[in-house]
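*Asks:* If you scroll down you'll find the structure; I have some questions about it.
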Amino acid sequence: GRGEFHHYMLKEMYEQPEIVLKEGTRPIVIPEALKDSSHITLVGCGSAFYAAWCGKYYLEQLAQRIVTLELASEFHYRNPMVQPGVTIAVSQSGETADTLKAIQYMEQKGQYTIGMVNMPYSSISRYVQYELLTRAGPEIGVASTKAFTAQLLCLLKISLTLMKEGEKKQHVLKGLQQLPMDMQKIFFKASQLQDIAQHLVHAKGIIYLGRGISYPIALEGALKISELSYIHGQGFAAGELKHGPLALIDGLTPVVVVAPMDQFFEKTVSNIYEVCAREGKVFVITDEAGATQLAGVPVQDIFVYPSPKAWELHPFLSVLSLQLIAYYTALHKGCSIDQPRNLAKSVTVE
Ligand code: F6R
């Protein structure tokens, strides 16, 4: 049951530091085919697709692999050409019809198939050559939270396993040990996220911006607000602002910017200035290091989480902040949090 928590979603969000603590140090066994393959394809739908997208950054940057990312619901209809390699299907339920179709297609094309699933014995588990369990425990809330974080972690662990030994790897591993505590600290500051939610609750639409690995996180934040609060959330790559979305900025459309202190920070800050100059109300999600650089920037509000040791760890902290914002916004609006309208936990039709 959900015990003292009002919603399964709240309980599942609170379970995330524990999952990172337990799974972060558990050794992962990956198949030889994955070790040997220079080309990896990642497929998934919805939140699983955004987790896979983060995984692309990890696998490219840490493991130096060539990574193709495919939205499962668009993939198999194209009859695409396929290079030899490994395909990883990312799916919480293991039942998503499009993801299953995508992995079946890849298997027919001679790919080695891996299912990264949260539900053992699921359809995808049974189909693939190798099963990687994300071990988040059953997720009841329709909106994915802890399963997303467990997928991120699993993708990071694979990338670290494939990464060559050295200082950089030790650095990320050290950071991973600190991460559960840092995630915990976000809950201590949840009232600040409630305040941001109060500001968002009357909006017709909310724009989410991010760069680099924070881009798929911005997309995930936009998906969370849309499905939970029924406010239209839309994510854009911050660098795309000038190519169109800037026309949307007005005093009524809040802009949530995911701006961790990483290699993209300064560029993202210049986007924040562009939005502010057009009366846009900006809410920044950043870490302590980023916050010190934002003094004097005319934003509406800043939520600050602890600075992790490595850029790879920001998504765990920023996505948790965005999940909580979506939760509190939906709560203020009185929405059906564990069972948003029109949605089902697993999508077994195409
Ligand atoms: C969003 C959400 C969905 C799922 C998607 C894929 O909160 O839960 O977008 O991520 O339907 O589902 P799985 O991971 O079961 O394949």
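*Asks:* Starting from the 7 Å offset along Cα-to-Cβ, what nm value, one decimal, do you get for the label separation of H243 and Q129?
*Replies:* Rounded to a tenth, the inter-label distance reads 3.6 nm.
*Asks:* Could you give the dipole magnitude of region 225-350 about its Cα centre, charging the beta-carbon of Lys and Arg +1 and that of Asp and Glu -1, in debye to the nearest 20?
*Replies:* So the dipole magnitude of region 225-350 works out to roughly 220 debye.
*Asks:* Projected onto the charge dipole of the chain (+1 at Lys/Arg Cβ, -1 at Asp/Glu Cβ, origin at the Cα centre), which of S125, P245, L343 gives the Cα projection farthest towards the positive end?
*Replies:* Of S125, P245, L343, it is S125.
*Asks:* Let's see if you can work this out: charge +1 on each Lys and Arg Cβ, -1 on each Asp and Glu Cβ, no other charges. What is the dipole magnitude of the chain about its Cα centre, in debye to the nearest 20?
*Replies:* With only Lys, Arg, Asp and Glu charged at Cβ, the dipole is about 180 debye.
*Asks:* Nearest 10 degrees, 0 to 90: what angle lies between the long axis of helix 314-333 and the longest principal axis of the chain (Cα atoms)?
*Replies:* 60
*Asks:* Nearest 10 degrees, 0 to 90: what angle lies between the long axis of helix 16-25 and the longest principal axis of the chain (Cα atoms)?
*Replies:* Its long axis makes an angle of about 40 degrees.
*Asks:* Where the centre of each part is set by its Cα atoms, how far does region 87-102 sit from region 169-202, in angstrom?
*Replies:* 29
*Asks:* Right, another one. What size of dipole, in debye to the nearest 20, comes out for region 141-197 about its Cα centre when the only charges are +1 on Lys and Arg C-beta atoms and -1 on Asp and Glu C-beta atoms?
*Replies:* 140
*Asks:* Also, I was wondering about something else. Do any of K157/K309; K204/K224; K101/K224 go past 18 Å between their Cα atoms, and which?
*Replies:* Result: K101/K224 exceed 18 Å.
*Asks:* Which stretch or stretches of region 135-161 have amide N atoms under 16 Å from the point lying 7 Å from Q339's Cα along the Cα→Cβ direction?
*Replies:* Within reach of a label on Q339, which here means backbone N under 16 Å from a point 7 Å along Cα→Cβ, region 135-161 contributes 140-143.
*Asks:* Which order results if Y130, Y208 are arranged by neighbouring Cβ count within 10 Å, fewest first?
*Replies:* Y130, Y208
Bear in mind that the values in this text are calculations on the coordinates, not laboratory data. Just so we're clear, the structure is a prediction, and the values are computed from it rather than from any experiment. Positions of Cβ are backbone-derived with ideal geometry, glycine not excepted, and every protein chain shown enters the neighbour counts.
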